[in-house]
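The values are calculated or read from the model by the stated rules, or taken from the named source; none is laboratory data. Remember, predicted model here, so these are calculated numbers, not experimental data. Using ideal geometry, Cβ is built from the backbone for each residue, glycine included, and neighbour counts are taken over all protein chains shown.
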Number of protein chains: 2
Amino acid sequence: MKLYDYAPSCNCYKVRLLLAQLGLEYERVPIDIFAGETLTDQYARVNPARTTPVLQTDDGRFLPDSSAILMYLAHGTPFVPDDPFLRAQVVRWLIYEQTAVVMMIGGLRFRLQTERLRPDDPGAGRRQAAGVAVLSVLDRHLTDHPFFVGDRYSIADIAIYGYTHVADEAGFDLEPHPGLRSWLERVALQPGYIEDVEPYPANSKPPVSRSIYD
Amino acid sequence: MKLYDYAPSCNCYKVRLLLAQLGLEYERVPIDIFAGETLTDQYARVNPARTTPVLQTDDGRFLPDSSAILMYLAHGTPFVPDDPFLRAQVVRWLIYEQTAVVMMIGGLRFRLQTERLRPDDPGAGRRQAAGVAVLSVLDRHLTDHPFFVGDRYSIADIAIYGYTHVADEAGFDLEPHPGLRSWLERVALQPGYIEDVEPYPANSKPPVSRSIYD
């Protein structure tokens, strides 16, 4: 297997985390997004939508999108429940992660860390307020449950861990969210856990006016 | 089974469509969103997030979110592939539907039909442009494929059909998207097909200034 991968992206990190916990061998293909490496004709054959991560299976098929890759790799393992009701709950949290966590927390981290927004810009304030609401939803669930689905660690936790564990890089304070903080500690204690997210490099800072990202 | 359901919502319609195609009996529990029926203490026990649809299983468990309900109901049927790679592709399209189709096309339909935006408002123009990009992504895929995953009708089609089949109610013209138009016709020919989406009623029009929805 090959993973087309960008080290500072937590969408990519989620897949690396599951691959490590499954003990699977794979070739990591680093894609320098800001050097234009997703914009080549070659990359269009990997993923016409030009996003990372993309998994290439042993028989050469390409699978984009972190949630889809997690679901594929976890099939038949303890990282996704067999029970249809619990598996549907996993899908529900995977979608909440993509529509709320990535949008608000991942999006703000990207804009602040790559200097597309400053913390005092209005666009940052709006995302900050929406992100606090998202963190509160997660915290409320984790006050009553050790993990997101069926009281055991699954790809729902891996997906949500991706951007919440670096929420401080988006300017969020986790002090008011004790359920979330305990859960972050529980995830980091899981067998095979790794954390190898890299900071955004110098070439990620835009040459253009920041205002278009507001 | 019970379905907590709002007739003008296409998220709810997706579930009704699959239930009809599976030939399953269920009790429909109409929830008048704009009369405040999702805001009661009773509804908080059905779904703390206060959204529709929610499926209540025969043994009394509650499952919110259309994509999760589709995945649950389709388990073990021809409406979701057994193959892990193809099922991951279904997850990928379910997420694209929630992050792009619902956001741009469903969101604009809601705002126009309930008079929270006028077609010439800036917020409508932004969503219109983003919605055209989404329709183009779908059309491009459907130019080469009869359905979204594995060349056969699945819950990925049902999910995406929900809001695309009423894209005209959001002001979109499907004339430039022949692949999408052919697929809409193919879906409507599937066994057990129903279409029972109702228009937004009078109580959906807001008493407050439209500007907060821009």
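Observations on the structure shown:
- Residue count for the range A:108-129, restricted to those that are within 14 Å of chain B (Cβ to nearest Cβ) and modelled with pLDDT of 95 or more: 0
- Subset of the range A:6-38 (residues that are under 17 Å from the mean Cα position of the chain (by Cα), outside any loop (DSSP other than H, G, I, E, B) and either outside the structural domain of A:Thr51 (by TED's automatic domain parsing) or of a type in the set (Val, Ile, Thr) (or both)): A:Val15, A:Ile33
- Residue check for A:Val102: crowded, with 18+ Cβ neighbours inside 10 Å, free of Cβ contacts under 8 Å to residues at least 60 places away in the same chain, assigned to a helix (DSSP H, G or I) and β-branched (Val, Ile, Thr): no
Here is a yes/no grid of residues against (1) part of a loop (DSSP other than H, G, I, E, B); (2) touching a residue at least 40 places away in the same chain (Cβ under 8 Å); (3) touching a His at 6+ places or on another chain (Cβ under 8 Å):
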position	(1), (2), (3)
B:Asp59	yes, no, no
B:Leu63	no, no, no
B:Tyr72	no, no, no
B:Gln89	no, yes, no
B:Ile95	no, no, no
B:Leu117	yes, yes, no
B:Leu135	no, yes, yes
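- Test: residue in the range B:3-16 that is under 19 Å from B:Gln98 (Cβ atoms), basic (Lys, Arg) and in contact with a Leu (Cβ under 8 Å, 6 or more places away or on another chain): yes
- Test: A:Asp82 is closer than 26 Å to A:Asp157 by Cα, facing chain B (nearest Cβ under 9 Å), out of contact with any Ser or Thr (no Cβ under 6 Å at 6 or more places or on another chain) and not hydroxyl-bearing (Ser, Thr, Tyr): no
- Per-region count, the range A:8-51, residues more than 14 Å from chain B (Cβ to nearest Cβ), among the β-branched types (Val, Ile, Thr) and under 27 Å from A:Thr77 (Cα atoms): 2
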